[in-house]
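Worksheet: the structure to be examined is printed underneath.
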Amino acid sequence: MGASQSGRVHMFQDLADKTGFSIEQINNLRNRFMYLTQDEDTLRREHLENISNLALNPIRRQIIEAFFDKRNLGEKEKGCLQEIGFEEFVMVLSFFRPPKPRTSDEEMKNIKKEKLRFLFNMHDTDNDGVITLDEYRRVVEELLSSYETIGAETAKAISDAAMLEVASVTVGQMGPDEFYEGITFEQFMQILKNVEIETKMNIHFWNLDKRTMQCGK
């Protein structure tokens with residue numbers, strides 16, 4: 001019993017060092033993890049699909065897949081896992097951790113880059129390092145799907161127009177016969193350089209428990 005408790009404390013401290021969460025926050029996340037998995041040691045997609053706050057989120061699929069994307073778990077290889085453990089669960093949620101007070105400019109710059117990489121991976125669904133028009137269109141159409149008055153063709157037109165606008169910013173004006181291959185991560189950072197994603201892409205973890213956790217907010 002004592003050895004088990006000691007091992008958990010060591011694991012929590014290791015996760016705190018890796019992610020920036022406090023021991024208390026990690027303990028709350030552990031309770032949430034066990035609640036979602038029904039006391040199993042691994043979490044699968046169907047566990048996340050049961051979160052009521054995700055049910056109506058138009059990009060629910062991308063949010064869920066982000067938890068199993070090896071790129072978000074510090075793995076060198078690409079691809080997705082079928083299930084993850086508690087450590088991987090915490091690592092993904094750390095992308096949503098608010099910056100600590102008195103964070104230096106250099107640290108804030110790194111935090112923003114990490115959050116942008118996470119968002120980029122959500123859009124780059126085929127893991128090729130580029131957000132293509134088809135991938136971007138799919139996300140926009142899903143975001144617009146909650147509006148009953150917007151049909152599929154209108155959603156397609158909106159996404160195509162938005163992507164071409166992005167292309168004009170990143171690669172300049174294209175000729176009528178030119179094909180736009182997509183957005184690289186460097187271009188993605190350029191597009192969002194004026195968005196304070198480091199302070200907006202957050203979940204408040206300090207009051208986290210089984211009743212209050214909301215993903216995708």
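Listed by chain and number, the aspartates and glutamates whose alpha-carbon sits under 12 Å from that of Lys100, ignoring those within fewer than 8 places in the same chain, are Glu198. When nucleic acids and ligands are ignored and a 1.4 Å probe is applied, Met91 ends up with an accessible area of around 50 Å².
In this structure, the pairs whose alpha-carbon distance is over 18 Å, taken from Lys76/Lys193; Lys78/Lys200; Lys115/Lys193; Lys18/Lys78; Lys18/Lys200; Lys109/Lys200, are Lys76/Lys193; Lys78/Lys200; Lys18/Lys78; Lys18/Lys200.
Using θ = phi - 60° in the Karplus curve 6.51 cos²θ - 1.76 cosθ + 1.60, the 3J(HN,Hα) couplings for the range 78-87 round to 8, x, 10, 9, 8, 8, 9, x, 5, 4 Hz; x is entered for Gly and Pro. Among the GluC sites (Glu not before Pro) in the range 1-107, those placed in a DSSP loop whose Cβ has at most 14 other Cβ atoms within 10 Å are Glu40, Glu75, Glu77.
Here the Karplus curve 6.51 cos²θ - 1.76 cosθ + 1.60, taken at θ = phi - 60°, turns the phi angles of the range 33-46 into couplings of 4, 5, 5, 5, 8, 6, 6, 8, 8, 10, 10, 10, 4, 5 Hz, with x standing for Gly and Pro. One decimal place: the segment Glu153-Gln13 gains 45.3 nm when fully extended, by the rule 0.36 nm per residue minus the C-alpha distance.
Annotation for the range 43-125: trypsin sites (Lys or Arg not before Pro) lying in DSSP loop with at most 16 further Cβ atoms inside 10 Å of their Cβ are Lys76, Lys78, Arg102. Taking the 1.4 Å solvent-accessible surface of the range 1-92 as the whole, the part contributed by carbon and sulfur is 47%.
The values are calculated or read from the model by the stated rules, or taken from the named source; none is laboratory data. Everything numeric in this text was worked out from a predicted model, so none of it was measured. When we count neighbours, we look across all protein chains shown, and the Cβ atoms used for this are built from the backbone with ideal geometry, even at glycine. Surface areas here come from the heavy atoms of the whole protein model, side chains and all, with no ligands, DNA or RNA. Shrake-Rupley method; radii C 1.70, N 1.55, O 1.52, S 1.80 Å.
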